[in-house]
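Beneath this line is the structure, given in structure tokens, with notes to follow.
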Amino acid sequence: MIDSAEELARLCNEAHAGGADFPTIWRTLLSTHPWICGIPRQTRLDGEPVLEAGLVTGQSLLFGSDGFTLR
């Protein structure tokens, strides 16, 4: 069981480091996770394009060139 948003981000980063792309991580880890609100949307963070998935915690899980981060 995933106990925190930080742990969810860590698991996503581990999958990404193992070679998984965002669609695979979305399909296998995120799309059915109870903390995810809706579908990801494309946005910009510091001028860089990122994919943002909202969490029920009020945070967002962002995927960009450096992997996954929380905001």
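We did not get these values from a lab; they are worked out from the coordinates using the rules stated. Keep in mind that what you see is a predicted model, and the values were worked out from it rather than measured. FYI the Cβ positions are ideal-geometry reconstructions off the backbone, even for glycines, and counts take in every protein chain you see.
Taken over the chain, the alpha-carbon convex hull comes to 84 cubic angstrom per residue.
Each Lys or Arg adds one and each Asp or Glu subtracts one; over the other residues with Cβ under 11 Å from the Cβ of H16, this totals -2. Among T57, F68, L11, whose Cα projects farthest towards the positive end of the dipole of the stretch 5-70, with charges put on the beta-carbon of Lys, Arg (+1) and Asp, Glu (-1)? Highest projection toward the positive end goes to T57.
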